[in-house]
Amino acid sequence: MRVAVLKGGRSLERGVSLRSGARVEDALERLGHETVAVDTGPDLVARLRELRPEVAFVALHGVGGEDGTAQELLELLDIPFTGPGVAACVRCMDKVLAKHAMREAGLPTPDWFAFSQTAFRELGAAEALGDLEQRLGFPLVVKPSRGGSSLGVKFAADAREVPGALVAAFSYDDKVLLERHVEGRELAVSVLGDEALPVVEAIPVQGDRYDFEARYEIGRTRFACPAELGDEEHRAVVEVALGAYRALGCSGFARIDLILGADGPQVLEANAIPGLTDTSLLPQAAEAAGLSFERLVERILELALPVPSP
Amino acid sequence: MSEVPPPPHRRRAHTSTRDLERYAALFAERTRVMRSSAMRDLMAITASPEVISLAGGLPDTSTFPPQSFAAQMTRIAQESAAEALQYGPTEGFEETRDCILQVMGAEGMLPDPHDIIVTTGGQQGIDLVCKTLVDPGDVVICEAPTYPGAVPVFCSYQADVVQVECDEDGMRVGELEGLLEQLRAESRRPKFIYSVPTFQNPAGVTMSLPRRQQLVELARRHELLVVEDNPYGLLRYGGEPMPPLYQLDGGDFVIYIGTFSKILSPGIRLGWTVAPPPVMEKIVLGKQAADLCTSTLTQYFVREYFREGRWQQYIEDLVEIYRRRRDVMLEALGEHFPAAATWTKPEGGLFIWATLPDYIDTSDLLAKALRADVAFVPGQAAYVDGRGGSSMRLNFSGVSEDEIREGIRRIGSVIAEQVELYEALTGEQSVPARTAAPTPQSDDANVLPFRKTAEGGG
């Protein structure tokens, strides 16, 4: 099959995407597919028209690739593509939209307040910060609404740290959220098709709990897969994760990140196109389920293709 | 002739995370400190063509006359092809060292040619010095901020890096003295002090003469080596030349690192190190192990180039270009950066170091700047301990005057948005907006890179 692997682009996660893409290309070639790599740019539509791939493997991360933009174009060009569709991508990319969708579906997610820059610049939202801080408590987490990896995510230990954290988060997006910090175990549930793969737990090696960068560095965070969970815990975690997957309208695959606190699991966010590098969590989870990287890629590809009519 | 079948695959793919772990078990201890970071990923997009990058450290090679390049390479091919394609001596050719003597002579230094080794760029000099001197845990002292490219070298030799603050007169040598006492009390062993005393990368500052004398004296007294990295010394756009540390010391306790990168071409990867004979002996052995010898072909190129006798003219041409670019950048900074920002006013070199209000993290700012298609180096890269978060390094040598103006305008406008936002968040109005104070060309108002200290040598 002729497969175009979409990777790179101008997103801040270009580096990770190039690594994901390269690994996917390798796997596709080994599977015997005709593979063309496309570093997405202004010539994307022209290239896709010229290449006429039978399917596009979207290995893009971040704004522009994971937010529904590329998917919209692929739909327009009538090229089947891997991973969630446009609507799910839009919802997953925007943490605020995702949290609203989950709340509406009755799924647990930490309390939050979201603000646009306009709210602070023109509506005097700063006046409300005190109330908000009181409701969420410290430490609280400040995040750009749209953004991947740990970029722009900061802990604020007290009120004095909030403005700086907001300025940082607004560097990545015009909308940010302030979220209640939930103490607990960090879990990631990868979903393939409609099935949950074994749960991965991220365990900070030492004292790096408030350092999000640590999570992306080998050696500073240990990953356990499958995570050690009691039957009851496991059931609750998977149920919530699959609930989020469905509530956000995901298909193909996605990764749901949760915190398992004293009150059970709470969903932090969903990644429409989780990393596929050799240190990424989805491939680890697949492997724990006995699925090699090739078979994972093959399965993702199958899920992208229209079901043949009988 | 029978056809060789194509290989079944480029390389065996690494199919599982277990594979990765298998390799990880083999990694040396020192790889633990070789870190990748989200910031490095950010830098991956500074290379797009739409981005005006003030992040590089690139000299402008576009004015080097192609005819001259062609003539020199042709001459090498016609007259010395066999030698130029052969291995050469580890120390480098004598003729290359003659060229080096000319360059160092232009700054008033006259080393013994036997103390010189030709290296693959000045960067290899830093590596070889560390290889020769540093055991894991040894202290290496450098400036704060320091050359971002030196940090990974120190780290890969597992040095314990300690930084001494700079101000507009370079490293605060008085503080260094205190630090040496303190290290002695803690029985930590410093091996050398790394400094870029002239037009420092990244800060753009130049060490004052009294501090230079004090530093050399201190090294002598403590029997410590100073590693003087001087890539930019000949790129002076104003002020009086300053004697290199090597000249002041006479080469006993100062190891000197030079390069052709900024006065000719970084692509030829040609630099040199000057060290006292006992140290040089070890450096040569280290070089032999690393790469046997520096490219003979590019050494031949340098020889031919110097034979033309126009190398100084070329530097003068570069100085003209860079001086204008520096001036354009300084002017643009005055126009577009907020009143609360400060920046250095370098008398030479390639960089300006700007410092913003401390609530602005320049790593995050870079993400915003990239959306406006402009890039710089966040200050954190120049520190080992996470400081420098509100500073940035700006390069003016590798971009045109128009791009400098536009790049600084764009950075200025993303900063302005952050300042306005912070003020809205805190109700603070720390510094009156620039527009409120109509002082045209308030030239030196912001040109105060670091707090002036009472320390000697001002």
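One Cα centroid belongs to the range B:290-349, the other to the range B:75-125; the line between them spans 21 Å.
Can you find, among A:Thr35, A:Ala101, A:Ala4, the residue farthest towards the positive end of the dipole of the range A:1-123? Put +1 on the C-beta of Lys and Arg, -1 on that of Asp and Glu. Of A:Thr35, A:Ala101, A:Ala4, it is A:Ala101. Remark: relative contact order (chain B) = 22 percent; criterion is Cα-Cα distance under 8 angstrom and separation of 6 or more residues.
In loop segments of the range A:164-199 as defined by DSSP, the GluC sites (Glu not before Pro) with at most 16 further C-beta atoms inside 10 Å of their C-beta are A:Glu183. Considering only A:Arg49, A:Arg14, A:Arg255, the Gaussian network model of chain A with Cα springs below 10 Å gives its largest mean-square fluctuation to A:Arg49.
For chain A, a Gaussian network of Cα nodes joined below 10 Å ranks A:Val176, A:Val58, A:Val36 by mean-square fluctuation, and the top entry is A:Val36. Secondary-structure-derived ellipticity at 222 nm for the protein assembly as shown, considering helices only, amounts to -12000 deg cm²/dmol, per-run term -39500 (n - 2.57) for DSSP H runs with n ≥ 4. Could you state how much accessible area is buried at the B-A interface, both sides summed, with a 1.4 Å probe, in Å² to the nearest 100? Counting both chains, the buried surface is close to 3400 Å². What you get for the range B:65-173, charging only the Cβ of Lys and Arg (+1) and of Asp and Glu (-1), is a dipole of about 420 debye around the Cα centre. Accessible area per residue for the range A:117-164 is 46 Å², calculated with a 1.4 Å probe on protein heavy atoms, without ligands, DNA or RNA.
Altogether, the Stokes-Einstein calculation at 25 °C and 0.890 mPa s, with the Kirkwood radius of the range A:1-113 over Cα pairs as Rh, returns a diffusion coefficient of 165 µm²/s.
Ordered from largest to smallest accessible area (heavy atoms of protein chains, 1.4 Å probe), the residues A:His100, A:His181, A:His61 come out as A:His100, A:His181, A:His61.
For the range B:217-318, the solvent-accessible area with a 1.4 angstrom probe is 38 square angstrom per residue.
Among beta bridges from DSSP that stay inside chain B, the antiparallel ones total about 50%.
Shape class of chain B from the alpha-carbon gyration tensor: rounded, with the ratio a/c of largest to smallest axis under 1.5.
The eigenvalues of the Cα gyration tensor, multiplied by 5 and square-rooted, give the range B:31-190 an equivalent ellipsoid with semi-axes of 35, 25, 18 Å from largest to smallest.
Magnitude of the charge dipole for the range A:81-140, about its Cα centre and with charges confined to Cβ atoms of Lys, Arg (+1) and Asp, Glu (-1), is about 260 debye. Applying a DSSP loop filter and a limit of 11 other Cβ atoms within 10 Å to the GluC sites (Glu not before Pro) in the range B:209-276 leaves B:Glu223. With K and R counted +1 and D and E -1, the other residues having a Cβ less than 11 Å from that of B:Leu350 yield a net charge of +3. Taking the longest Cα principal axis of chain B as reference, the axis of helix B:209-222 is set at about 60 degrees. For the range B:252-301, relative contact order (Cα pairs under 8 Å, six or more residues apart, normalised by length) works out to 32 percent. Between A:Gly249, A:Gly148, A:Gly264, the Gaussian network model of chain A with springs among Cα atoms under 10 angstrom shows the greatest mean-square fluctuation at A:Gly264.
Computed on the range A:44-96, with alpha-carbon pairs under 8 angstrom and 6+ residues apart, the relative contact order is 39 percent.
Determine the distance separating the Cα centre of the range A:32-63 from the Cα centre of the range A:166-195; give it in Å without decimals. Using only Cα atoms to place each centre, the spacing works out to 28 Å.
Based on the alpha-carbon gyration tensor of the range A:127-200 and its eigenvalue square roots a ≥ b ≥ c, which shape applies: rounded if a/c is under 1.5, prolate if not and a/b is larger than b/c, or oblate? Prolate is the answer for the range A:127-200, as a/c is 1.5 or above and a/b outweighs b/c. Here is the list for the range B:269-326: GluC sites (Glu not before Pro) lying in DSSP coil, each with at most 16 other C-beta atoms within 10 angstrom of its C-beta, are B:Glu308.
About its Cα centre, chain A has a charge dipole of approximately 420 debye under the convention of +1 per Lys or Arg Cβ and -1 per Asp or Glu Cβ, with nothing else charged.
Taking a ≥ b ≥ c as the square roots of the eigenvalues of the Cα gyration tensor, the protein assembly as shown is prolate, since a/c reaches 1.5 or more and a/b is larger than b/c. The listed residues B:Leu421, B:Leu85 rank as B:Leu85, B:Leu421 when sorted by accessible area, largest first, using a 1.4 Å probe.
Here chain B is scanned for trypsin sites (Lys or Arg not before Pro) in DSSP loops (not H, G, I, E, B) that have at most 15 other Cβ atoms within 10 Å, and the longest stretch holding none of them is B:36-187.
Of the residues in the range A:154-168, those shielded by at least 20 Å² of accessible area once partner protein chains are present, compared with the chain alone at a 1.4 Å probe, are A:Lys154, A:Pro163, A:Gly164, A:Val167. Straightening the chain between B:Asp327 and B:Ala47 buys 98.3 nm, computed as 0.36 nm per residue apart minus the Cα-Cα spacing.
Over chain A, what percent of the accessible surface lies on carbon and sulfur atoms, probe 1.4 Å? The value for chain A is 50 percent carbon and sulfur by accessible area. Placing a label point 7 Å from the Cα of B:Asp402 along the Cα-to-Cβ direction, the residues of the range B:44-69 whose backbone N falls under 16 Å from that point are B:50-53. Only beta bridges with both residues in the protein assembly as shown are counted; by DSSP, about 65 percent of them are antiparallel.
The values are calculated or read from the model by the stated rules, or taken from the named source; none is laboratory data. Computed from a predicted structure; not experimentally measured. Neighbour counts are summed over all protein chains in view; Cβ atoms, including those assigned to glycine, are modelled from backbone coordinates with ideal geometry. Accessible surface areas use protein heavy atoms only, side chains included; no ligands, DNA or RNA. Shrake-Rupley method; radii C 1.70, N 1.55, O 1.52, S 1.80 Å.
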